[in-house]
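A short worksheet on the structure shown next.
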Amino acid sequence: MPASSPTTADLTLTPGTGPIAPPSSKPGAGLFAPTATGFETSTDGRARALVAEPDRVITAGDRLRYAIFSPYDPDAGTVEDGCAATAVGLELIMDDGTVIGGEGLVDDHGVPIDPLAQYADRTSFPDQWNHKSVDLTALAGRRVAGIALLVDVSGLPTPGRRTVRGWFELIGIGPAEPGAEGRRPADFVRTTRGTHASGGYSRGNNAPLTAVPHGFHFVTPITDARTFRWIYSWHQHNNADNRPELQGLALSHIPSPWIGDRTTFQVCPWGSADRPELDPAARGLEFDHADETDRAHYYCVTTRSGIRAEVAPTDHAVIMRFTFSGPDAALIFDQSDDHGGLRLATDPETGRGIVTGYADGGSQRAGATPRMFVYGELDAPVVDHGPLDQPDHTGVGGYLRVRPGADATVVLRLASSFIGLDQAKRNLAAELGPDQTVESVAERAEQTWNELLGKITVGGATEDQLITVYSNLYRLFLYPNTMSENVGTEDAPRPAYASPFRVDGPDTEEHTGRAVLDGECSANNGFWDTYRTCWTALGLFEPERTGRLLDGFVQHYRDGGWTARWSAPGYADCMVGTSSDIVLADAYVNGVPGFDVADGYDSALRNATVPADEPVVGRYGLEKSIFAGYTSTAIDEGLSWTLEGAINDYGLAVWSAALAERAAADDPRREEYRANARYFASRAAWYVNLFDERTGFFVGRDDHGAFRVGPDGYDPRQWGGDYTETNGWGMAFTVPQDGAGLAALHGGQDQLRERLDAFFATDETGAEGVKGAYGHVIHEMTEARNIRLGMLALSNQPAHHIPYFYLHAGASERTQQLVRECVRRLFVGSEIGQGYPGDEDNGEMSAWYLFSAFGLYPLSLASGELVLTAPTFAEVRIELDQDRELVIIAHDQHPDHHYIQSVLIDGEPWTSVAVPYRKVADGATIEFFLGPEPSDWGADSAPASLTPAGERPRPLVDLTRPDGPVAASTGDGAAAVDDTSATAITLPPGGWVEYTLEDPAVFELYTITASPGEMSGWVLEGSDDGETWQPIDERTGEEFGWQRQTRPFRPGRPGAHRRVRLRVADDHPSTLQQWELLV
């Protein structure tokens, strides 16, 4: 029998409700209204209900705005079926009986608001509020009599009756916001973008930070004054009336809610005659987001009580202006916790308020943090002042009741310092004179932002796309931050900083106990989070500033011995990999000026060759992994440490080779660079040691070499364990430095494409059954499921390169289509505090968007090239340094033209999928010609790879074995070859250690692991009979820079021998931790 046709069913509406457990919004509430209208139907086709009868004549420019919350159905058979509640739309019923919907009404994302089109386009996210805005200009002059809500499941992959539930809010029909014409770049920035998020579901997880680029501190509104983490929430913190409440304006240093804020200082206006209350719930001021102005250079909010709060930033200071609605005016001062102090006073001459204090508190995940000191001056006379305390929150709160000026305003000029109270006062005097106003400070900060953001202009972009571009640029240039302060004069500045790494003595109420050192120091950056895109973008757009910021992180090494993995501002034990290594290498290869190359190189060298004594720095497990060729399962997430280590080692290999090539013949490190280049190139291929050919996935191995799980028990969908914030699928392509090598492991380009196709065809379910080693379903799993792109978890950094990996599989058309889709539909919702598909960490997600939308991407850092993809915009112009310009033009730009047909660079045909970085950075015009169908453009090219195309990666192997035939002049010598630097053998002058090989062999490199002053001279000898020895290499004056450093050496006179002996040439006992012979 033929299948029955889909039916039209009733759609039941339930007013006065809201989502039950939304992961990032307030439960039981609408998007804007106190409640929403629930809808429910059981149908195999379409359901419809009348939701409004506006009886309104449309005028030109009117927009229909509504919101849908579409809960994911975990009981559906597939992810696509689970997203059935996104198959929701509207239609208009005109007074003449005409029904207008489908193609007749298109939302701001270019999608018809017919439910089938909405479902198929996937711009609506499950478990999220989705805001829709529809231009009704085409209906101008016509009268709308009714609005109907539609659900249609007939287009789902699995046919049949199903129950669909969700929530709907009709915001209304009204005039459009003013257009983009005449506005400058800073006007498009929305700092609240990414704040409609939580630890349960991220759409950015940002805070609305007002600051100057890379500034010393931020100032931010807060909706939760007692946390260091989600300090401002666009929706989730809302009160019973579903409105946010301002609990203060705060000085902040927050890098992300996951690391958390530190050393905060809060100011909250109080407009009652009653004694002010410190309790954040009691002092909170209700407001609407429509009454917020959230810009990088200026924040303003008018509360429902009539109090208006405004802020504008300088580098080390901020000006705040409060306009009160009545005669009663006070300011409350507070901190997030009570680890600090506060002193309130009046100027004896003017009677105006003076605020001083210090703050020590911070998130437990933050690194070592210097004490922050604050100094502030009010422009109003003080009427009364006093301390304010709460139970378990004492000593940091107080108030100043003041007499506002004739215009009902009170102005606070506030500065901070990590050095001391006097320095805070100096910072205020230097940056915020008494003649400065909110307007003048905001104008100066706006000019700074416009000079930076205005270097990039975009043609053919919509209003929403311009907001996305410039808000992403704001996030990119917001981090990292400087810690330095001018301890000199305006004419003779002298930057200095309070060190997070050194303590000179105890803190006092007026001065830091930290060492105050000359120079500039950078902070607030997680290199694992940022390395993939951020630093290459910064280096391209602002090379000189980027070099200074990088040198500020090299300062960590000069000051504390290591460059931070995560700086907040000191060393934070967070994430895997010492990714500053690849960042610095990339900057060097790309020609970024301004950082100390020698110190930067040595900081990376220490990360790669020296086991750390503390977990907050260096690479986990290095005392064994450096000899095993992988980090074992004995170390949590050991596989991720291995793969990230290989990426960083690739950077060191390229950097070493470049240094060797550029070194003078008499450079004492020239030979070291050459040996390091070969050694780290080998280590860059260590990923192969964890590739299980039985499954085609990377799998962890234990200390004995056994894979963690065999093929029968392996499930690549399981999260955690071996894999940092992802699963086996998510780590399957984490070899950006060697796509050709990975292709060879899979059997060739065709097989790599098949594996990529399988990746995108396998649904991430986000289900309990695949949470793996995590104790719960983590937010990255849910976010990956909800974007409906198979296993692509673009919400998080490990996936960001994967759409580009098709370039290694000879399928550039798949990269072009996927990247354009992600750019178009995943960065939506800016107007309701969303805007991102996941965490926006220190500018990295923003940089991914910018590169991808512009048609360039840094797939393999330190390779010296960028790869090409189809741009989103018709034209992009980027002002580069030295008056150069990069122009990117996309001819035949159209929403359906995803594919590159041909490319011209400076008028000449370009047939490669990659372009040298310098060709771009030196200024060029890149013209893309796009079309609706794939072409063979770039088919015969591929991005740079460590391994030549068609060859399997073959890292060097150590000929010695822990159980092998080793002897020594004293003892048995086993400690010299036991694959750990935790043990050692001490040899007397002239002492030796000898290893017997199975067969004569010529080794390419050998390594020695030793500590400073232990070994400086030796002779490496070979013999076939144990009697006659021939020199293979001789060394004098060698240095080991750190405890247990592993150094490679190239034999000066290589030869094939069965016995190899290392003989000490020093005149003192020498301690040897390890010795390797690499072939």
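Restricted to the range 379-404, and to residues there that are small (Gly, Ala, Ser) and surrounded by 15 or more Cβ atoms within 10 Å (Cβ to Cβ), the residue that is modelled with the lowest pLDDT is 380.
When residue 103 is tested against the conditions (1) buried (at least 18 other Cβ atoms within 10 Å of the Cβ); (2) of a type in the set (Asp, Glu); (3) in contact with a Pro (Cβ under 6 Å, 6 or more places away or on another chain), the lone failure is (1). When residue 543 is tested against (1) surrounded by fewer than 23 Cβ atoms within 10 Å (Cβ to Cβ); (2) touching a strand residue (DSSP E or B) at 6+ places or on another chain (Cβ under 7 Å), exactly one condition is not met: (2). Which of the residues that make up the range 429-442 are of a type in the set (A, V, I, L, M) and closer than 25 Å to residue 294 by Cβ? Answer for the range 429-442, where residues must be of a type in the set (A, V, I, L, M) and closer than 25 Å to residue 294 by Cβ: 432, 438, 441, 442. Test residue 1038 against the criterion of being farther than 23 Å from residue 1068 by Cα, surrounded by fewer than 19 Cβ atoms within 10 Å (Cβ to Cβ) and either touching a Leu at 6+ places or on another chain (Cβ under 8 Å) or not polar (S, T, N, Q) (or both), and give yes or no. For residue 1038, the condition - farther than 23 Å from residue 1068 by Cα, surrounded by fewer than 19 Cβ atoms within 10 Å (Cβ to Cβ) and either touching a Leu at 6+ places or on another chain (Cβ under 8 Å) or not polar (S, T, N, Q) (or both) - is not met.
Please list, ordered by first then second residue, the pairs with beta carbon atoms under 8 Å, 6 or more apart or interchain, first in the range 881-902 and aromatic (Phe, Trp, Tyr), second buried (at least 20 other Cβ atoms within 10 Å of the Cβ) and in a loop (DSSP other than H, G, I, E, B). Correct list of pairs: 899/870. Whether any residue in the range 711-721 is of a type in the set (A, V, I, L, M, F, W, C), surrounded by 19 or more Cβ atoms within 10 Å (Cβ to Cβ), more than 25 Å from residue 747 (Cβ to Cβ) and at pLDDT 95 or above is what I want to check. Yes, there is a match, as at least one residue in the range 711-721 is of a type in the set (A, V, I, L, M, F, W, C), surrounded by 19 or more Cβ atoms within 10 Å (Cβ to Cβ), more than 25 Å from residue 747 (Cβ to Cβ) and at pLDDT 95 or above. The condition (being surrounded by fewer than 24 Cβ atoms within 10 Å (Cβ to Cβ), under 26 Å from residue 448 (Cβ atoms), modelled with pLDDT of 95 or more and touching a Ser or Thr at 6+ places or on another chain (Cβ under 8 Å)) is satisfied by just one residue among 560, 594, 552: 594. Can you tell me which residue within the range 12-56, out of those that are of a type in the set (Ser, Thr, Tyr) and in contact with a Gly (Cβ under 7 Å, 6 or more places away or on another chain), is surrounded by the fewest Cβ atoms within 10 Å (Cβ to Cβ)? Among those residues, the one meeting the criterion is 14. Kindly indicate whether any position in the range 843-852 is in a loop (DSSP other than H, G, I, E, B) and within 21 Å of residue 453 (Cβ to Cβ). Yes, the range 843-852 contains at least one residue that is in a loop (DSSP other than H, G, I, E, B) and within 21 Å of residue 453 (Cβ to Cβ). Scanning the range 82-109 for residues that are charged (D, E, K, R) and closer than 14 Å to residue 152 by Cβ yields one hit, 91.
Screening residue 381 on (1) touching a Gly at 6+ places or on another chain (Cβ under 6 Å); (2) part of a loop (DSSP other than H, G, I, E, B); (3) not hydrophobic (A, V, I, L, M, F, W, C) shows it passes everything except condition (2).
Would you mind stating whether residue 758 is free of Cβ contacts under 8 Å to residues at least 40 places away in the same chain, in contact with a strand residue (DSSP E or B) (Cβ under 7 Å, 6 or more places away or on another chain) and within 27 Å of residue 949 (Cβ to Cβ)? If you could, list the steps in order and put the result at the bottom.
Values: free of Cβ contacts under 8 Å to residues at least 40 places away in the same chain: yes; in contact with a strand residue (DSSP E or B) (Cβ under 7 Å, 6 or more places away or on another chain): no; within 27 Å of residue 949 (Cβ to Cβ): yes.
Judged against the criteria, residue 758 is not a match.
Here residue 60 meets each of (1) over 37 Å from the mean Cα position of the chain (by Cα); (2) assigned to a strand (DSSP E or B); (3) of a type in the set (Gly, Ala, Ser) with one exception, condition (2).
Quick check on my filter: what residues within the range 24-51 are touching a helix residue (DSSP H, G or I) at 6+ places or on another chain (Cβ under 8 Å) and in a strand (DSSP E or B)? If you could, list the steps in order and put the result at the bottom.
Initial filter on the range 24-51 (touching a helix residue (DSSP H, G or I) at 6+ places or on another chain (Cβ under 8 Å)): 31, 46.
Selection gives 46 alone.
Within the range 692-708, residues that are free of Cβ contacts under 8 Å to residues at least 60 places away in the same chain have Cβ atoms under 6 Å from residues that are in a loop (DSSP other than H, G, I, E, B) in these pairs: 692/699; 695/714; 697/716; 697/728; 697/732; 698/731; 707/699, counting only partners at least 6 apart in sequence or on another chain. Here the strands (runs of 3 or more DSSP E) wholly within the range 258-349 that include at least 1 residues being in contact (Cβ under 8 Å) with a residue 12 or more places away in the chain, more than 33 Å from the chain's Cα centre (by Cα) and on the phi < 0 side of the Ramachandran plot are 265-270, 308-313, 317-323, 330-334, 340-346. Assigned to a helix (DSSP H, G or I), surrounded by fewer than 23 Cβ atoms within 10 Å (Cβ to Cβ) and either among the charged types (D, E, K, R) or modelled with pLDDT under 95 (or both), is that true of residue 96? So residue 96 does not fit the description; no. A search for C-beta distances below 7 Å between a residue of the range 733-751 that is within 12 Å of residue 691 (Cβ to Cβ) and any residue that is among the acidic types (Asp, Glu), counting only pairs 6+ apart in sequence or on different chains, returns 744/951. Scanning the range 57-81 for residues that are surrounded by 17 or more Cβ atoms within 10 Å (Cβ to Cβ) and either without any contact (Cβ under 8 Å) to a residue 60 or more places away in the chain or within 22 Å of residue 29 (Cβ to Cβ) (or both) yields 64, 65, 66, 67, 68, 69, 70, 71, 72, 73. Could you say whether any residue in the range 529-537 is surrounded by fewer than 24 Cβ atoms within 10 Å (Cβ to Cβ) and either farther than 29 Å from residue 681 by Cβ or within 23 Å of the chain's Cα centre (by Cα) (or both)? So far as the range 529-537 goes, no, none of its residues is surrounded by fewer than 24 Cβ atoms within 10 Å (Cβ to Cβ) and either farther than 29 Å from residue 681 by Cβ or within 23 Å of the chain's Cα centre (by Cα) (or both).
Quick check on residue 121: is it over 15 Å from residue 172 (Cβ atoms), surrounded by 19 or more Cβ atoms within 10 Å (Cβ to Cβ), out of contact with any Asp or Glu (no Cβ under 8 Å at 6 or more places or on another chain) and in contact (Cβ under 8 Å) with a residue 24 or more places away in the chain?
no
Taking residue 989 as the residue in question, decide whether it is more than 22 Å from residue 962 (Cβ to Cβ), over 50 Å from the mean Cα position of the chain (by Cα) and not small (Gly, Ala, Ser). Considered against the rule, which asks whether it is more than 22 Å from residue 962 (Cβ to Cβ), over 50 Å from the mean Cα position of the chain (by Cα) and not small (Gly, Ala, Ser), residue 989 comes out as yes. Looking across the range 492-512 at every residue that is part of a strand (DSSP E or B) and hydroxyl-bearing (Ser, Thr, Tyr), the one that is nearest to residue 430 (Cα to Cα) is identified as 497. Among the residues of the range 88-103, those that are among the β-branched types (Val, Ile, Thr) and either farther than 11 Å from residue 148 by Cβ or outside the structural domain of residue 143 (by TED's automatic domain parsing) (or both) comprise 88, 98. The criterion of being over 27 Å from residue 339 (Cα atoms) and crowded, with 24+ Cβ neighbours inside 10 Å holds for residue 475.
Take residue 860 and tell me if it is within 30 Å of residue 735 (Cβ to Cβ) and surrounded by 20 or more Cβ atoms within 10 Å (Cβ to Cβ). In short, yes. Residues that are outside any strand (DSSP E or B) and acidic (Asp, Glu) were ranked within the range 513-531; the one that is nearest to residue 560 (Cα to Cα) is 520.
The values are calculated or read from the model by the stated rules, or taken from the named source; none is laboratory data. The shown structure was predicted, so the numbers you read here are calculated from the model rather than taken from an experiment. Cβ atoms come from the backbone with ideal geometry, glycine included; neighbour counts cover every protein chain shown.
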